[in-house]
Structures are given as structure tokens and as C-alpha cells.
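The structure under discussion appears below in the form of C-alpha cells.
The values are calculated or read from the model by the stated rules, or taken from the named source; none is laboratory data. Here the structure is a predicted model, which is why all the values come from computation and not from measurement. Cβ sites come from the backbone with ideal geometry, for glycine too, and all protein chains shown count toward neighbours.
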Amino acid sequence: MTTRAVVLGARFGGLAVTTWLRRLYSPKELDIILIDRWQDTIYRPGLVHAMDQPPFGFVHRVSMPLADHCRRLHIKSVQDIIVEIDPDGQKVYTASLPATDYDVLFIATGSESAWENIPGLNIRHGGVCEGYQARHSSWKREQWKQGHFVFAAGPIVGSPHWNPKITVGCECPLLESAFLFESWLNNQGLRNKTQITVLTPATSLAENTSPKVQQRVAQLMKSHGIDVLTQCEFERVTDKDIYIKGQRIPYDGSLWVPPIKGPSWLTGTKVDDGYGWIPTDSYLNHPQYENIYAVGDGTSHPWPKMGHAAMVQSRVAVHHWHAKRHLKKLPAPYRPYLVWLLETGGPYSQFTVTNVFYGGTRNIVYQGRWPAWIKRMFQRGYVWSTGSLPVMP
């Protein structure tokens with residue numbers, strides 16, 4: 001009987017898991033089912049161009065039909081909403097279809113936006129985490145004339161047991177959006193009519209990098225004339241004001257990376273850690289269920305909540321399952337490190353690779369033209385291959 005692998009979620013982690021599984025097993029050896037609520041998946045790092053490109057077009061260029069990915073890898077795609085997992089019965093329940101049985105389960109649904117965690121905050125206040133949010137933000141930017149524009153990062157609702165602790169999920173798209181907006185303002189002759197401020201609950205921007213990277217980012221913000229306010233304790237948001245502890249910040253436009261939490265459909269199940277996140281070991285294997293793996297933003301760790309990390313974790317998880325199954329030598333475990341290709345407007349980008357925050361010594365920071373070129377080439381290759389790159393990280 002053919003073994004069945006079920007993969008939940010079709011973002012960076014889910015696409016990488018299915019790619020590695022198919023490279024290790026033929027369709028006769030392994031039946032793969034990919035479950036996601038959407039027909040298309042989006043290369044989300046490209047959505048930051050809501051702040052410098054027209055509303056219609058840029059989202060289409062980073063959209064990928066899941067049918068193409070599944071056809072290429074000979075896997076089955078199920079479009080439905082995930083409702084529940086029965087880890088003892090090895091079943092996945094969705095909203096409208098019968099239960100799906102599995103022999104091994106890979107959870108890659110990511111984290112979840114928690115707009116409601118800040119009173120008054122909602123998707124109307126702007127975002128670039130989903131395609132529809134990016135289109136809305138691009139349309140708002142096209143109407144911009146003058147005033148105070150705020151870029152804000154909401155806090156992460158993490159587990160109190162995480163060590164080291166993080167206060168935000170992913171600042172990179174927020175900072176890129178601010179730089180791209182500043183570049184667009186310069187091109188439109190509106191820069192001297194606009195004040196830009198970045199708000200973060202962290203003690204410094206790029207909190208999960210290193211002091212060297214944080215200093216470089218602070219210098220970049222200063223050189224672009226962008227104000228920064230750290231350690232923000234958000235109390236509530238209206239259409240005109242952001243209230244943080246001890247201060248009211250009037251604004252005319254905004255873009256948010258919202259607060260994030262673990263997947264709500266997992267909260268309170270046997271699979272989560274009691275706080276909505278999925279516990280794993282360094283091989284991304286669940287501590288109680290050896291046939292369940294989790295990769296990406298939804299893991300109960302303060303690891304980078306970014307696409308590159310999800311792709312690396314997927315490789316580790318799949319090869320760990322493969323090694324256990326065939327009694328082979330285990331692969332190297334996952335060791336967290338952060339990779340940033342930060343667009344700063346114009347032809348330049350900042351390239352960062354560091355694991356200092358996680359106890360390592362790697363600390364590379366470079367700014368120039370080639371990081372921007374590499375980022376564009378990676379995006380084109382990723383979209384063209386629908387996430388199944390010839391060379392995977």
C-alpha cells in the first residue's frame with residue numbers, strides 16, 4: 001500500500017516540503033496531498049512593491065497557480081479550509097470534505113494575523129501580508145499628497161517559554177515598504193511634504209539580528225530621513241491617531257505588519273503548546289507524535305519567521321523523516337540564522353546573514369547593487385518554478 005504524506009499550507013514551507021518529498025519518492029512510492037484554502041499562492045516578499053508600483057499588476061506578477069505546482073510534481077491538491085487534526089486517528093478534517101488520512105503530516109500553515117489584539121486596528125489601516133491588502137495599500141499610496149505616514153509593527157503573541165524572546169514577527173517587509181515609499185515620494189516630488197515614522201514594540205529595529213546589523217539599519221533610517229520610535233506599547237488605533245502608552249501619534253496614512261499569533265484552528269488541540277504554536281525538536285519533529293512535523297512561522301520557537309527559514313526547515317524535516325524511515329544517518333538538525341535582502345529604494349539593497357541573536361558568530365552585512373539583483377532573480381525563479389527551484393536552500 002502506498003504511503004501517504006499530507007502537507008498543510010502552500011506557502012514557502014509547504015511548497016518546499018512537497019518539492020523535497022517528490023525528489024526523494026516517486027508517485028508510486030509516496031502519495032502526496034497538499035491542502036490549502038486558496039487556488040493560488042503568492043510570493044509574499046514581492047508584495048512590498050505596493051509602495052512603489054501601481055495597484056494592478058504587481059500582485060499578478062508574484063501569484064502562482066497551485067495547480068501548476070501540483071501538476072509538475074504529480075501531487076494532489078485540495079482547496080479547503082483546515083478545521084482540525086486528529087493526531088491519534090491520523091486524520092485531517094476540512095470544512096467541506098471527508099477526513100483525509102495520513103501516514104506522515106507536515107504542518108506549514110504559518111502564523112495568523114491578529115489585528116484584533118490592538119483595539120481599533122483592522123485591515124483598513126493597510127498591510128502587505130496578503131495580496132488583497134497589498135492592492136489596498138497601493139491604491140492608498142497612489143492617492144497620497146502630503147502629511148504623516150506611519151509604518152507600524154504589531155507585537156507577536158508568542159509563548160512565554162521562548163528563549164531568546166522576540167517581540168515582533170517579521171520587520172523586513174515593514175522596513176522595505178518604508179524605504180520603497182520614500183523612494184516613490186522622491187520620484188513624485190512629495191518627499192518634502194511627507195513625514196515618515198516607523199513604530200515597533202522592539203527595543204531596536206532588527207531585534208533578532210546583531211548589534212552590528214541594528215546599527216546599520218539605524219544609520220539607513222537616519223540617512224533616508226525616517227523617524228523611528230521603539231518600545232511601543234500599543235493601546236488603541238483610530239483612523240486619525242495611534243495611541244501608545246503615554247503618547248498619541250496623529251497620522252494621515254499607515255501600513256501595518258499586524259500582530260501575529262499561532263494558527264487559531266490549532267489552539268487547544270493535542271498538537272499545540274498551549275499557546276497556539278506547534279512544539280518541535282531541532283528536526284522539526286513533534287515531541288509527542290513522531291509522524292507529525294511542523295515548519296515555518298507556526299513553530300513554537302523564536303526562530304526567524306521568514307520564508308528562507310521555512311524552506312531550510314522543510315529540507316531538514318523531510319530528510320529527517322526519510323532517514324528514520326530507511327534507518328539512515330540523520331541529517332544535520334536545524335540551526336536558526338537570519339537571511340535578509342533588504343530593499344532600500346533605488347538600485348541598492350542590504351544583504352545580511354547572521355545568527356548572533358541565536359548564540360552564533362556569523363555576522364555578514366553588505367550593502368550594494370548585487371543583493372538587489374540577486375533578490376530580483378530569486379523572485380523570478382521562484383515564481384517561474386512555483387516554489388520548486390532547481391537548487392533549494
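Of the candidates T361, T386, T352, the single residue that is in contact (Cβ under 8 Å) with a residue 60 or more places away in the chain and not in a strand (DSSP E or B) is T386. In this structure, V318 does satisfy being among the hydrophobic types (A, V, I, L, M, F, W, C) and in contact with a Leu (Cβ under 7 Å, 6 or more places away or on another chain). Pairs linking a residue in the range 206-225 that is closer than 26 Å to L190 by Cα to a residue that is surrounded by 15 or more Cβ atoms within 10 Å (Cβ to Cβ) and charged (D, E, K, R), with Cβ atoms under 6 Å and 6 or more positions apart or on different chains, are H224/E182.
Determine, yes or no, whether L341 is surrounded by 18 or more Cβ atoms within 10 Å (Cβ to Cβ) and farther than 30 Å from G89 by Cα. Judged against the criteria, L341 is a match.
Could you say which residue among A323, A317 is farther than 30 Å from H224 by Cα, free of Cβ contacts under 8 Å to residues at least 12 places away in the same chain and not in a loop (DSSP other than H, G, I, E, B)? Within the list A323, A317, the selection yields A323. Checking P87 against (1) out of contact with any strand residue (DSSP E or B) (no Cβ under 7 Å at 6 or more places or on another chain); (2) in contact (Cβ under 8 Å) with a residue 12 or more places away in the chain, which single condition isn't satisfied? Condition not satisfied by P87: (1).
In the set V104, V150, only one residue is more than 18 Å from L255 (Cβ to Cβ) and either modelled with pLDDT under 95 or crowded, with 16+ Cβ neighbours inside 10 Å (or both); that residue is V104. Considering the range 204-230, the residues that are more than 18 Å from P173 (Cα to Cα) and not in a helix (DSSP H, G or I) include one that is nearest to the chain's Cα centre (by Cα), namely S210.
Note on the range 179-197: residues that are surrounded by fewer than 18 Cβ atoms within 10 Å (Cβ to Cβ) and not in a helix (DSSP H, G or I) total 3.
In this entry, L266 passes the filter for residues that are at pLDDT below 95, aliphatic (A, V, I, L, M) and surrounded by 14 or more Cβ atoms within 10 Å (Cβ to Cβ).
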